[in-house]
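Q: Before anything else, here's the structure in question.
The values are calculated or read from the model by the stated rules, or taken from the named source; none is laboratory data. Model, not experiment: these values are computed from the prediction. Every residue, glycine as well, gets a Cβ built from its backbone with ideal geometry; the counts of neighbours run over all protein chains shown.
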Amino acid sequence: MSIKLRSVFISDPVDSSCADLLTSHGVPVTAKYKLSKEDLIQELQNHDGLIVRSETKVTPEILSAVPNLRIIGRAGTGVDNIDLQTATRNGIVVLNTPGGNSISACELTCAFISALARNVPQAAQSMKEGRWDRKLYSGFELSEKTLAVLGFGRIGREVALRMQSYGMKIICFDPMLSAEDTAKVGATKLNLEEIWPLADYITVHTPLIPQTRNLINADTLAKCKKGVRIINVARGGIVDEGALLQAIKSGYCSGAALDVFAEEPPKNPVTLELIKHPHVIATPHLGASTEEAQKRVAVEIAEQFLAISGISDKYRV
Ligand code: NAD
Ligand code: MLT
């Protein structure tokens, strides 16, 4: 398959190595961010390629109004901000860069688990406010604690590998993997009903699909061990934010670390209350935000554009 690629529009901040690689192969690139829907539609009349991260929502309405668009590239993993059905119906190819940011998302998850155990952000903030409170911020060891990894794909398994070096026991659930597969990386596959009462920490690494929406909800939280801590560096919507807030306010859930939210940036009062809760660590979708990951996904998506358009033999797949 070869797609004629005359020019590319980039609508979210993507590392400059993407535009550099495309332009060095004679493909003109225009980059403009934070466009309204109308302005994006207007721009896309003149381009056959579009590159996005997660901010641009490529909706059916946009896709139906851009007859010249042939390829969309997601410089990242999740393609849930692109309406795949309409893109497919309109003959638009959608590409992504799975794996390019897995290690970065994994490392943020590991940092979250350690920070939750030792109250690092809260204690650091108290020092900036001039306090010296050693008792309030006493924490827990991770050694011998149980970490449940829900979704044992690229990121989940890297988290499992790293957290074993802290002495954590890893249990996991992934419908696509056998117990033999997960045992190879030291994780015990269990079903969800077995996982809830055993886990001290639960980290989710699934895509957001109907089967995983609100995977962590009021019912499943009630089945968890008292004191459980929840981590979400995957997608907003996998954890029910209202149920999590209630569980934290009641003291049943001891804390949460969240990088992603049902709505980004969050505006819902429940989400905002959750973010402000002293037992919650929140970051603004930073899982992939490292220099290394951003360069990798930028170059990978440009290489795929060059390959699919047959512009460079070097990148032909
Ligand atoms: P992956 O496809 O490699 O792994 C996902 C795994 O989830 C698969 O093994 C799949 O079998 C499993 N799964 C599917 N349905 C499931 C279910 N119902 N229960 C349990 N497991 C299920 O994906 P990945 O690259 O590891 O990415 C995981 C998530 O992290 C995605 O949602 C991705 O968008 C997100 N992500 C976020 C950031 C960030 O910046 N915060 C960065 C990278 C990726
Ligand atoms: C992804 O799915 O790759 C992440 O959401 C990271 C990003 O924001 O690009």
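Q: How many residues, within the range 18-36, are part of a helix (DSSP H, G or I) and buried (at least 16 other Cβ atoms within 10 Å of the Cβ)?
A: The total comes to 4.
Q: Going through L44, L35, L84 one at a time, which residue ends up being aliphatic (A, V, I, L, M), under 22 Å from L208 (Cα atoms) and over 15 Å from the mean Cα position of the chain (by Cα)?
A: L84
Q: Same structure, new question: Test of understanding: among M168, M163, which residue is modelled with pLDDT of 95 or more and touching a Lys or Arg at 6+ places or on another chain (Cβ under 6 Å)?
A: From the options M168, M163, the qualifying one is M168.
Q: What strands (runs of 3 or more DSSP E) lie completely within the range 223-317 and have 2 or more residues being within 12 Å of ligand 1 (Cβ to nearest atom) and modelled with pLDDT of 95 or more?
A: 228-232, 253-258
Q: Checking L5 against (1) over 22 Å from E292 (Cα atoms); (2) of a type outside the set (V, I, T); (3) exposed (fewer than 13 other Cβ atoms within 10 Å of the Cβ): exactly one of these is not met. Which one?
A: (3)
Q: Among the residues in the range 143-161, are any in contact with a helix residue (DSSP H, G or I) (Cβ under 7 Å, 6 or more places away or on another chain), surrounded by fewer than 20 Cβ atoms within 10 Å (Cβ to Cβ) and either among the basic types (K, R) or free of Cβ contacts under 8 Å to residues at least 24 places away in the same chain (or both)?
A: yes
Q: If we keep just the residues of the range 37-55 that are charged (D, E, K, R) and more than 16 Å from ligand 1 (Cβ to nearest atom), which is surrounded by the most Cβ atoms within 10 Å (Cβ to Cβ)?
A: Within the range 37-55, the match that is surrounded by the most Cβ atoms within 10 Å (Cβ to Cβ) is D48.
Q: Would you please list the contacts, defined by Cβ atoms under 8 Å and residues six or more apart or on different chains, that run from a residue in the range 69-93 that is at positive phi to a residue that is away from ligand 2 (no atom under 16 Å from the Cβ)?
A: G91/R70
Q: Moving on. Out of I209, I202, I170, I216, report the one residue that is within 22 Å of the chain's Cα centre (by Cα), of a type outside the set (S, T, N, Q) and loosely packed, with under 15 Cβ neighbours inside 10 Å.
A: On inspection, the qualifying residue turns out to be I209.
Q: For the range 222-255, give me each residue that is free of Cβ contacts under 8 Å to residues at least 40 places away in the same chain and closer than 20 Å to G78 by Cβ.
A: Residues satisfying the conditions are I230, N232, G236, G237, I238, V239, D240, E241.
Q: Within the set of pairs 6+ apart or on separate chains, which have a first residue in the range 283-296 that is farther than 16 Å from S16 by Cβ, a second that is of a type in the set (A, V, I, L, M, F, W, C) and more than 10 Å from ligand 2 (Cβ to nearest atom), and C-beta atoms under 6 Å apart?
A: Between residues of the range 283-296 that are farther than 16 Å from S16 by Cβ and residues that are of a type in the set (A, V, I, L, M, F, W, C) and more than 10 Å from ligand 2 (Cβ to nearest atom), the close pairs are G287/L108.
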